[in-house]
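What follows is one structure encoded as structure tokens, with my remarks underneath.
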Amino acid sequence: MAVLASHASAVDLCLLDVSPDGEIHERRVSLDGPSYGVWHARVPGVREGQRYGFRAHGPWDPAAGLRYNPAKLLLDPYARGLVGELDEDPSTRGHVTERDASGVLVGDPEGPADLRDSATHVPHSVVVAPRTNHPPVRRPQVPWADTVLYEAHVRGLTMQLEAVPEPLRGTYAGLAHPATIAHLKDLGVTTIELLPIHAFLSEPHLVAQGLTNYWGYSTAGFFAPHAPYATRAAQEAGPGAVVDEVRGMVHLLHEAGIEVVLDVVHNHTCEGGVDGPHLSWRGLDNPVHYLHDGATPARLADVTGTGNSLDFRRARVVQATLDSLRYWAQEIGVDGFRFDLAVTLGRGPGGFDPDHPFLVALQTDPVLNGLKLIAEPWDVGPGGWRTGQFPAPLAEWNDRFRGAVRQFWLADPREASHGRLGQGVRELATRLAGSADLFGHSDPPLMRGPVASINFVTAHDGFTLADLVAYEHKHNEANGEGNRDGSDDNRSWNHGIEGRLSDEDATIRGLEHEGFEPGLVIAPLRRRSIRNLMATQILAAGTPMLTAGDEMGRTQRGNNNAYCQDGPLSWVSWDLSPWRKDLLATTTHLLALRREHAALRSDAFFHGRPRHAAEDAVPDLAWFDAAGRPLDHDAWHDPGFRVLQMLRTGPGEGDKDVLLVVNGALDTVEVTPAAVPGRGEDGAAGCAWELAWDSDWEHPTEGEHGADGLEDGGGGEDGEGGEDGEGGEGGEGGEGTASADRAPADQADQADPADSPSVLLEPLSMQVYVSAERPLRPPR
């Protein structure tokens with residue numbers, strides 16, 4: 001037994017036994033030390049299931065950052081299991097507090113220490129023996145280029161899934177149930193990214209309102225799984241059984257070929273600000289664990305917005321984090337981690353440092369450097385936005401992708417509907433091409449590739465995909481904060497009416513009959529916008545991440561910060577109306593397209609020229625306007641330009657070329673699908689296109705009713721008439737990448753677009769073409 005308490009004068013190990021009437025009996029063992037700040041002892045006879053905690057003795061000197069109070073029972077930061085809850089009793093604070101007239105605890109954090117014992121009002125650590133009865137870890141090892149992430153909540157994913165037996169719903173076992181796995185596999189998910197499953201606590205003020213910390217970003221133990229997510233049988237059997245259930249979940253997902261990535265919150269803890277509860281780190285070694293401002297009196301430096309921030313300038317903080325990661329990787333078997341507010345984990349004396357010891361450790365540790373490591377590349381401190389600045393092998397959530405896609409498909413059309421210009425296609429094209437401007441700056445350049453960009457449009461925080469097209473304003477009243485919480489930068493568009501419609505399955509044809517409300521013409525437009533957003537994040541170069549339920553049109557009724565909503569508002573609904581079934585089929589189809597075509601799964605940045613290993617003269621990436629002409633400088637920089645063709649050629653022998661055609665205008669547009677430069681006899685331009693998908697289709701089988709392929713750059717269904725072709729830019733940034741103002745020379749050799757057939761694109765729609773047959777390479 002060992003614990004860090006470098007400023008303490010003594011530390012007691014407290015072994016707790018609970019009698020049938022609930023009374024706690026405590027046995028204390030004085031620890032030896034300190035040895036380099038660590039107190040330790042060998043205690044014989046302690047078995048699995050034993051409750052315990054620590055009491056730390058030392059100075060109570062808040063001005064110096066020292067808050068030792070032996071009246072407070074403290075959790076072991078390395079505990080493998082926790083039991084019990086935190087209640088809002090005055091004894092849970094290290095300083096003296098009392099309740100005011102409204103029942104809120106108030107007191108002076110710089111005042112005297114509180115001498116009331118906290119043992120009956122706080123969680124307890126529990127001994128969990130090493131697990132030896134599990135099969136060996138066999139990871140699916142999905143390559144980054146093939147990875148499809150699916151962000152999900154253990155409880156929310158299956159609480160309403162009737163195919164899962166009721167006792168298993170909302171549990172680790174339910175997540176690994178065959179019905180859940182079948183959905184993930186049928187959809188095309190390779191990697192599930194779970195919201196926090198480290199043990200966490202709900203803030204008492206939420207509990208008082210009948211709410212809970214649903215998301216789990218309030219960690220109480222970095223080694224212990226959150227017990228309430230286990231089945232009741234496992235909870236009753238004790239923390240060891242909870243660990244077994246988590247390990248079994250990971251094993252079953254691995255057997256199905258699905259990886260497990262954990263969202264981990266190593267940037268702060270559940271103890272909150274200086275007036276928060278006295279539960280563990282604060283009472284053991286406050287000035288070591290928590291980031292302070294260096295002033296006198298000592299003040300916490302909060303760069304996370306939670307009241308405290310762990311201090312990654314301290315070697316012991318880095319060590320504890322690495323120990324936790326290794327435990328979950330080796331003992332539980334997870335395949336990677338997503339680091340919440342990862343900039344905090346890379347803050348040194350001068351701010352964020354990409355060569356921070358923790359980040360160097362992730363690159364070099366033999367247990368960790370082969371896992372999937374994902375950074376949320378920001379925090380709320382100075383210089384906190386760092387997208388693209390983390391070192392390989394980390395990937396990063398790309399907020400610029402999220403903003404660009406929402407802007408192009410929703411915010412710009414919303415402005416255009418009022419006669420205002422948008423932002424053109426330049427930013428969208430750069431994101432479609434893998435965001436080399438963000439992720440190309442490495443040594444050597446371009447080393448990380450587009451797979452470092454986690455492409456997402458929604459996540460757990462913010463609007464769902466269905467709500468992005470139905471709400472322009474957040475509706476967070478249920479959170480009890482007067483609708484002040486949650487972001488106001490949503491870049492959403494309600495298409496003319498705020499909120500849900502009475503018939504969301506309405507179709508244009510159906511509206512021709514009597515009895516339909518005029519506003520229901522919006523329903524099919526919203527559904528098309530959802531399909532545009534979904535297709536963009538799946539087909540863009542990079543690693544796509546879907547939010548659980550978006551593939552089935554999940555709504556939170558306009559709540560864009562449902563962190564405290566543990567109920568149907570946040571749970572995934574499996575009761576699918578016709579349009580939701582169609583959306584599920586569409587998402588499955590789009591992921592199948594990505595899986596089937598290597599041109600959509602590039603792990604290297606584009607250069608806009610032939611690949612080194614290619615024998616023909618086709619570029620890896622090319623951009624065209626609506627008429628099939630290469631884009632020029634003016635097109636890239638025209639905010640009124642809203643039509644773009646993106647050609648991505650097959651990287652290997654037999655791989656098909658793929659053409660994405662995007663119409664971001666409010667009018668129907670005539671488009672000549674671009675020919676492939678250098679593809680054809682003697683290098684002449686030419687290609688037969690087949691329409692693989694159109695966002696105007698409610699269901700992907702609509703494409704089976706006759707979209708014939710067209711020779712030399714054509715194909716697809718006709719729509720309605722419209723505006724002239726426009727163009728765009730992409731692949732910016734990163735040395736040697738294809739960029740806006742450098743159209744590949746090969747494009748100049750292509751055939752006259754006027755000789756090719758054209759198609760019509762509906763307003764705000766996109767089409768995907770696949771080469772009908774990969775032409776043979778021309779003789780050398």
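Derivation of every value follows stated rules applied to the coordinates shown; laboratory data play no part. Note that the structure is predicted; figures quoted are calculated from it, not measured. Because the Cβ atoms are built from the backbone with ideal geometry, glycine has one as well, and the counts that use them run over all protein chains shown.
Packing-based ranking of 171-180, 383-392 yields 171-180, 383-392, ordered from highest to lowest mean Cβ neighbour count within 10 Å.
At q = 0.14, 0.20 Å⁻¹ the log10 of I(q)/I(0) for segment 2-126 amounts to -0.66, -1.21, computed by Debye summation with a single uniform scatterer per C-alpha, solvent ignored.
Placing R0 at 22 angstrom, the Cβ-Cβ distance between residue 355 and residue 385 gives a FRET efficiency of 0.75 after rounding to 0.05.
Going by neighbour counts of Cβ atoms within 10 Å, the residues 501, 279, 73 line up, fewest first, as 501, 279, 73. Quote the Stokes-Einstein diffusion coefficient, in whole µm² s⁻¹, for segment 387-439, based on the Kirkwood radius over alpha carbon pairs, a temperature of 25 °C and a viscosity of 0.890 mPa s. The Stokes-Einstein estimate is 202 µm²/s.
Using the count of nearby Cβ atoms within 10 Å as a rough guide to exposure, how do 19, 442, 9, 765 rank from fewest to most?
Starting with the residue having the fewest Cβ neighbours, the order is 19, 9, 442, 765.
In terms of surrounding Cβ atoms within a 10 Å radius of their Cβ, 646, 159 rank from fewest to most as 159, 646.
Taken along its principal axes, the alpha carbon cloud of segment 366-459 reaches lengths of 56, 28, 23 Å, longest axis first. If you plug the beta carbon distance of residue 23 and residue 596 into 1/(1 + (r/R0)^6) with R0 = 56 Å, you get a FRET efficiency near 0.30.
Here the Kirkwood formula, the inverse mean of 1/r across different C-alpha pairs, assigns segment 320-363 a hydrodynamic radius of 11.4 Å. Here the gap between residue 275 and residue 502, fully extended at 0.36 nm per residue and compared with their Cα-Cα distance, gives a gain of 77.0 nm.
Between the Cα long axis of helix 578-596 and the first principal axis of the chain there is an angle of about 80°, rounded to the nearest 10.
If Lys and Arg each add +1 and Asp and Glu each add -1, what is the summed charge of the other residues whose beta carbon sits under 10 Å from the beta carbon of residue 234?
Details: positive: 232; negative: 236, 244, 245.
Net charge around residue 234: -2.
Principal-axis analysis of the Cα atoms of the chain puts helix 178-187 at an angle of about 40° to the longest axis. Figure legend: label point modelled 7 angstrom from the Cα of residue 116 along Cα→Cβ; residues of segment 51-76 with amide N under 13 Å from it are 72. When each of the peptides 547-553, 478-484 is scored by how many other beta carbons lie within 10 Å of its residues on average, the order from highest to lowest is 547-553, 478-484. Semi-axes of the equivalent ellipsoid for the chain, computed as √(5λ) from the eigenvalues of its C-alpha gyration tensor and ordered from largest down, come to 52, 27, 24 Å. Which value in nm describes the separation of the simple spin-label points at residue 327 and residue 702, placed 7 Å from the Cα toward the beta carbon? Roughly 5.2 nm, to one decimal. Placing pseudo-labels 7 Å out from each Cα toward the beta carbon at residue 481 and residue 48 gives an inter-label distance of 4.0 nm. Fully extending the segment from residue 100 to residue 575, taken as 0.36 nm per residue of separation minus the present Cα-Cα distance, adds 166.4 nm. Net charge of the neighbourhood of residue 103, taken over other residues with C-beta under 13 Å away and scored Lys/Arg +1, Asp/Glu -1, is -4. A viscosity of 1.567 mPa s and a temperature of 4 °C, combined with the Kirkwood radius over C-alpha pairs in the Stokes-Einstein formula, give segment 157-272 a diffusion coefficient of 86 µm²/s.
Taking the 0 to 90 degree range and rounding to the nearest ten, how far is the long axis of helix 239-255 tilted relative to the main principal axis of the chain, both from C-alpha atoms? For helix 239-255, the angle is close to 20 degrees. Residue separation of residue 365 and residue 633 scaled by 0.36 nm, minus their Cα-Cα distance, works out to 91.9 nm of gained length.
Model label points for residue 299 and residue 772, set 7 angstrom from Cα along the Cα-to-Cβ axis, are 7.1 nm apart. Would any residue of segment 1-32 have its amide N under 19 Å from a label point 7 Å out along Cα→Cβ of residue 61? List them or say none. Residues 5-11 qualify, since their backbone N sits under 19 Å from the label point.
The amide H of residue 66, built 1.01 Å from its N in the peptide plane, has 61 as neighbours under 5 Å, considering only residues 5 or more places off or on other chains.
Taking the square roots of 5 times each eigenvalue of the Cα gyration tensor of segment 616-658, largest first, gives ellipsoid semi-axes of 25, 10, 7 Å.
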